[in-house]
Amino acid sequence: MLGTVQLQVHLKSSTLCGVRSGDLLPIGEVAARSGVAPSALRFYESLCLIRSERTSGGHRLYPRHQLRRVAFIRIAQRLGLTLDEVAEALAILPPDRTPTRAQWAKLSRSWRRRLDERIARLEALRDDLTGCIGCGCLSLRRCTLYNPGDLASTRGPSARYLLGDDPDDIVPGLRERT
């Protein structure tokens with residue numbers, strides 16, 4: 001009689017670069033779960049903001065914890081941060097696992113001052129726009145109240161008041177007159 005072969009079942013998930021396959025998500029699932037287009041995910045990966053593993057067929061598989069990084073990138077962009085700034089922030093977080101609560105807190109504290117400054121600039125912009133629109137001229141070049149003779153241009157290019165230049169430094173006593 002011929003010998004019998006015993007079937008051996010291994011119930012462990014296979015691994016790819018040390019990550020269990022159940023913890024790896026294809027690009028389409030990451031896109032669907034994160035709300036980010038696959039092209040954006042590939043772009044983020046090209047900037048080393050996120051990483052994927054590759055199958056033998058070259059398909060991208062993302063470790064599950066990369067979803068947090070993608071969410072972080074989206075939030076940072078909504079706050080107005082550049083992708084370079086996002087990269088700097090992500091560089092201090094662990095690349096191979098979800099950051100701890102303390103690591104997230106440290107990162108958010110580092111942005112607090114910057115966000116407060118941005119909020120102050122936006123509030124100043126809102127207030128200045130209200131005043132300018134109320135005047136009716138809508139031209140900072142010709143405005144006799146805010147920029148008589150285009151004096152703001154002596155401070156350099158761009159919207160000087162919106163960048164934080166004080167109108168009283170350019171036209172002394174301007175705030176008392178408006």
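Kindly indicate the residue of the stretch 18-44 that is assigned to a loop (DSSP other than H, G, I, E, B) and of a type in the set (Gly, Ala, Ser) and also modelled with the lowest pLDDT among those meeting that condition.
Out of the qualifying residues, it is Gly18.
Any residue in the stretch 25-54 that is touching a residue at least 40 places away in the same chain (Cβ under 8 Å) sitting within a Cβ distance under 8 Å of a residue that is charged (D, E, K, R) and open to solvent by 50 Å² or more (accessible area, probe 1.4 Å)? List the pairs, counting only those 6 or more apart or interchain.
Between residues of the stretch 25-54 that are touching a residue at least 40 places away in the same chain (Cβ under 8 Å) and residues that are charged (D, E, K, R) and open to solvent by 50 Å² or more (accessible area, probe 1.4 Å), the close pairs are Leu25/Arg33; Leu25/Arg64; Ser34/Arg74.
Under 7 Å between Cβ atoms, which residue pairs at least 6 apart in sequence (or on different chains) link something in the stretch 56-80 that is more than 13 Å from Arg33 (Cβ to Cβ) with a partner that is buried (at least 16 other Cβ atoms within 10 Å of the Cβ) and polar (S, T, N, Q)?
Arg60/Ser52; Leu61/Ser52
Across the stretch 45-67, what is the number of residues that are in a loop (DSSP other than H, G, I, E, B) and either surrounded by 16 or more Cβ atoms within 10 Å (Cβ to Cβ) or in contact with a helix residue (DSSP H, G or I) (Cβ under 8 Å, 6 or more places away or on another chain) (or both)?
9
Which one of these is more than 15 Å from the chain's Cα centre (by Cα) and either modelled with pLDDT of 95 or more or open to solvent by less than 100 Å² (accessible area, probe 1.4 Å) (or both): Thr82, Thr15?
One residue alone meets the criteria, Thr15.
Out of everything in the stretch 93-124 that is basic (Lys, Arg) and assigned to a helix (DSSP H, G or I), what residue ends up being most open to solvent (accessible area, probe 1.4 Å)?
Here the answer is Arg101.
Among the residues of the stretch 102-124, write down those that are of a type in the set (D, E, K, R) and in contact (Cβ under 8 Å) with a residue 24 or more places away in the chain.
Those that are of a type in the set (D, E, K, R) and in contact (Cβ under 8 Å) with a residue 24 or more places away in the chain: Arg118, Arg121.
The values are calculated or read from the model by the stated rules, or taken from the named source; none is laboratory data. Predicted, not measured: the structure shown is a model, and the values here were computed from it. Virtual Cβ from ideal backbone geometry, glycine too; neighbours counted across all protein chains shown. The accessibility values were calculated without ligands, DNA or RNA, using every heavy atom of the protein model including side chains. Shrake-Rupley method; radii C 1.70, N 1.55, O 1.52, S 1.80 Å.
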